[in-house]
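Undergrad: My questions will all concern the structure given below.
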Amino acid sequence: VIGLTGGIGSGKSTVSQFFQQCGAVVIDADKIAHQIYEHHPELVETLFKKFGDGIGDSQSKKIDRSRLAAIIFADEAKRKELEALTHPLIRNDIQMQIEKAHRLKAPLVLVDAALLVETGYYQTFDGLIVVKSEQEQQIFRIKNRDGLPPEEILQRIAAQMPLSEKLKVADWVIDNSGEVLETKKQVEKIFKELINQKT
Ligand code: ATP
């Protein structure tokens, strides 16, 4: 079980897709994070109480993730509070999916998550891959993908640990500052190395 992390918009999903094509099972923490609001109505209740009705539609108790993100990325205390409430639930789901992948005899399990180093969670895995891109590329790609203004993207980058710190604890680094085909080649090389280590 290997962790996969990197800054926002660095290319984690792109790298994950290539690993999937190689035969790895990828667990997407962001996808799990999307679903926990549906699975845990008590959490949604708590969030409306703590952060107010501005985080979504209080009538139907639906959270608007982009509104919630705008609030918590502008206030570190709120962000930490949200993380403390959601991370244990997300980890629990990740653990269940890891066990399922083991039962299905997956050759490699990859946990794709943005905050693996910040939370220390990476230490529970057998290794860590860090994806890197230039900061200008992160901003350009997220702007194109999500239409977020550069100031908000910078705010989100600032909320994460600097890339240099993540690289220090990486077992493998994937450089996604070039063409996607170059990234794919790096993935295939690491996949082969990991599979050979096991056999
Ligand atoms: P997030 O942190 O938001 O989950 P991410 O780290 O998973 O993002 P991706 O979604 O893989 O990053 O990439 C961000 C955007 O940049 C996507 O639209 C993707 O198609 C594009 N992209 C990724 N890698 C490259 C590349 N090497 N060249 C050009 N565009 C790329």
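Undergrad: Using bins 10 angstrom wide from zero, how does P(r) for the stretch 55-156 break down, in % of all Cα pairs?
TA: 11, 32, 36, 19, 2
Undergrad: Sticking with this structure for a sec: Apply the Karplus curve 6.51 cos²θ - 1.76 cosθ + 1.60, θ = phi - 60°, to the phi angles in the stretch 69-83 and return the couplings in whole Hz, x for Gly and Pro.
TA: Going residue by residue, I get 4, 4, 5, 6, 7, 9, 8, 4, 4, 5, 4, 5, 5, 4, 4 Hz, with x marking Gly and Pro.
Undergrad: Also, quick follow-up: Rounded to whole Å and ordered largest first, report the semi-axes of the equivalent ellipsoid of the chain derived from its Cα gyration tensor (root of 5λ).
TA: That gives 30, 21, 14 Å for the three semi-axes.
Undergrad: Using a 10 Å Cβ count of at most 16 others and DSSP loop calls, identify the longest part of the chain lacking such trypsin sites (Lys or Arg not before Pro).
TA: It works out to 106-199.
Undergrad: Work out, step by step, the length gained on full extension between LYS80 and ASP64: first 0.36 nm times the residue separation, then minus their alpha carbon distance; give nm to one decimal.
TA: Residue separation times 0.36 nm, minus the Cα-Cα distance, leaves 3.9 nm.
Undergrad: Hey, another quick one. Work out how much length GLU118 to PHE73 would gain on full extension: take 0.36 nm times their residue separation and subtract the Cα-Cα distance, in nm to one decimal.
TA: Answer, rounded to one decimal: 14.7 nm.
Undergrad: Scaled to the compact-protein estimate 2.2 N^0.38 Å, what is the alpha-carbon radius of gyration of the stretch 12-81, rounded to two decimal places?
TA: After normalising by residue count via 2.2 N^0.38 Å, the value is 1.38.
Here, each number is a calculation from the coordinates, and none is a lab measurement. Computed from a predicted model, the values in this text were never measured in an experiment. Counting neighbours? That spans all protein chains shown, and the Cβs are built from the backbone with ideal geometry, glycine included.
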